[in-house]
Amino acid sequence: MATVLIVEDESKLRRLLELNLSEDGFQTVSAPDAETGLDHLRQSQVDLVLTDLKLPGMGGLDFLHAVKRQNASLPVVVMTAFGTVETAVEAMKAGASDYVLKPFSLAEMRMVVHKELDVRRLKEENRTLREALGQRYEYPNIVARSAKMQEVLAIVERIAPTQSTVLIGGESGVGKDLIARAIHQKSRRSSGPFIKINSTAIPENLLESELFGYEKGAFTGAAASKPGKFELADKGTLFLDEIGDVPAATQVKLLRVLQEREFERLGGTRTIKVDVRLVAATNRDLRAALEEGTFREDLYYRLNVVPIDIPPLREHKEDIPDLVKLFLARFSQQSGKQITGLAPAAMDMLMAFHWPGNVRELENIIERAVALAEGPVLQPSDIHLDTERRSRAATSDTAPFLPEGQTIEQWEDEMIREALRRANGNKSQAARLLGLSRNALRYRLSKIGIADEPEKPE
Ligand SMILES: Nc1ncnc2c1ncn2[C@@H]1O[C@H](COP(=O)(O)OP(=O)(O)OP(=O)(O)O)[C@@H](O)[C@H]1O
Ligand SMILES: [Mg+2]
């Protein structure tokens with residue numbers, strides 16, 4: 001509720017103003033003269049001053065100056081007698097926000113007060129917004145000069161101290177790992193473990209035992225019992241990379257851990273409770289996987305409590321110079337070479353590139369350039385961009401297209417069969433060749449009627 005300070009020596013008018021403003025839902029404080037008004041200002045929180053210009057003792061204009069000295073942004077509306085418009089103008093010059101000429105209608109006075117308070121609220125909102133945007137989040141090892149990366153860090157800052165599950169999305173090489181670690185480091189769990197598990201790097205039939213552990217004799221070869229990653233991550237953070245590749249059976253078990261925070265080891269009967277914060281990452285569109293039915297909707301919503309989407313590098317190129325500086329320092333030190341910088345033409349090349357492999361690609365290119373460099377400054381000839389990928393991506397009439405007469409489905413079938421052939425039937429490898437998750441491949445295989453028999457570990 002906003003508070004209006006009324007300074008008016010005529011007691012009847014003062015009372016009328018008080019009544020009308022409190023009817024409008026304002027709190028009011030009143031003073032019969034400027035001196036008392038200033039006392040009120042010092043003692044209470046006031047949002048607007050409504051003052052007569054003709055006051056006994058200290059005049060209205062002097063009062064206005066005194067108010068503005070105390071709080072320049074406080075709106076002051078002056079009331080002045082008809083025929084003294086000049087004083088009103090003078091008051092406006094001195095910083096009054098508006099004036100009403102006496103005798104005024106109460107409706108007019110109310111309208112002016114409402115308008116001024118609205119303006120003040122808007123200004124305040126703008127200021128907080130500016131401050132929020134102007135605030136820079138600094139993380140060692142993370143370059144984030146761009147507004148887009150600052151937004152990512154602002155979310156990290158906000159969610160890190162909470163227990164919420166986080167789902168990090170973004171193309172390959174955008175920094176999902178880096179952000180997952182930052183979340184852990186900024187959390188109250190930072191002294192606990194950060195455990196990472198990558199579901200594509202682990203053969204499907206071993207993923208569950210890796211996640212949940214197993215008891216001795218749970219399967220052939222389980223000679224001793226072993227805790228899984230969930231147990232190892234107790235009191236810390238579990239980073240589940242490539243969550244989109246987790247097979248359906250394991251998805252069910254993950255869902256249970258997320259809901260109940262408990263599970264059993266494979267072949268075990270004892271229920272294990274853990275205190276783990278889960279951070280998951282994916283470089284695919286999980287919503288598409290939901291539609292295909294390869295990813296459980298309930299699990300998706302459990303995971304997607306707080307989504308963080310890291311933009312591709314081509315959408316925050318203003319970070320390239322700082323990234324280059326960081327990588328130059330890293331690789332000069334590692335190689336023992338004294339590389340001091342980059343020729344402007346070399347920087348231009350980096351700025352013009354579209355970076356399909358994102359920050360990781362930039363890092364690799366700088367590493368290679370440092371290795372090749374002969375002088376202290378990297379030259380365009382040291383920079384080897386994968387421009388072939390760029391021209392492949394470019395659309396032109398000569399770019400490859402579907403073979404004559406083939407539908408996209410037929411072509412897809414052919415590509416899948418070809419990938420399986422090249423991978424000697426290994427579906428994980430075929431999926432990698434196609435840039436698909438194993439689940440997505442499995443779905444497509446079932447569509448074209450190729451049996452999905454369980455596969456051998458790689
Ligand atoms: N904003 C950044 N500032 C500094 N280094 C970064 C930034 N973003 C990414 N990197 C670096 O780029 C490399 C790739 O990042 P990271 O491994 O986190 O990507 P990713 O999204 O997990 O990739 P993938 O999808 O392939 O797993 C790492 O060496 C990382 O340190
Ligand atoms: Mg990663």
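The values are calculated or read from the model by the stated rules, or taken from the named source; none is laboratory data. Worth saying up front: this structure is predicted, and the values here are computed from it rather than measured. All Cβ positions, glycine included, derive from the backbone under ideal geometry; neighbour counts span all protein chains shown. The accessibility values were calculated without ligands, DNA or RNA, using every heavy atom of the protein model including side chains. Shrake-Rupley method; radii C 1.70, N 1.55, O 1.52, S 1.80 Å.
Brief remarks on what is shown
- Equivalent ellipsoid, the range 300-380 (semi-axes from 5 times Cα gyration tensor eigenvalues, Å): 30, 15, 9
- Taken along its three principal axes, the alpha carbon spread of the range 197-263 comes to 29, 25, 18 Å, from the longest extent down to the shortest.
- Here the accessible area of the range 157-299 is 49 percent carbon and sulfur, with a 1.4 angstrom probe and all protein chains present.
- Overall dimensions of the range 143-296 by Cα: Rg and Dmax, Å: 16.2, 54
- Over 26 Å between alpha carbons, listed pairs Lys12/Lys54; Lys148/Lys176; Lys229/Lys447; Lys123/Lys186; Lys196/Lys235; Lys273/Lys427: Lys229/Lys447; Lys123/Lys186; Lys273/Lys427
- A 1.4 Å probe run over the chain, with the rest of the protein chains in place, finds 53 Å² accessible per residue.
- Over the range 1-156, volume per residue of the alpha carbon convex hull, in Å³: 140 Å³
- Sequence ranges 27-35, 201-209, 331-339, 276-284, ranked by mean other-Cβ count within 10 angstrom, highest first: 276-284, 27-35, 201-209, 331-339
- Over all distinct Cα-Cα pairs of the range 170-226, the Kirkwood formula returns a hydrodynamic radius of 13.9 Å.
- For the range 243-378, the Cβ-based charge dipole about the Cα centre amounts to some 560 debye (Lys, Arg positive; Asp, Glu negative; other atoms uncharged).
- Compactness index (Cα Rg / 2.2 N^0.38 Å), the range 226-285: 1.13
- Dividing the summed helix terms, -39500 (n - 2.57) for each DSSP H run of n ≥ 4, by the number of residues in the chain produces a 222 nm estimate of -14500 deg cm²/dmol to the nearest 500.
- Gyration tensor over alpha-carbon atoms, the range 51-105, equivalent ellipsoid semi-axes in Å: 18, 12, 9
- Ellipsoid fit via the Cα gyration tensor, the chain: semi-axes of 64, 31, 23 Å, each the root of five times an eigenvalue, largest first.
- Protection proxy ranking of 434-447, 239-252, 213-226, by the mean of other Cβ atoms within 10 Å over each peptide's residues and highest first, is 239-252, 434-447, 213-226.
- Mean Cα-pair separation over length for the chain, i.e. relative contact order, pairs under 8 Å, 6 or more apart, %: 11 percent
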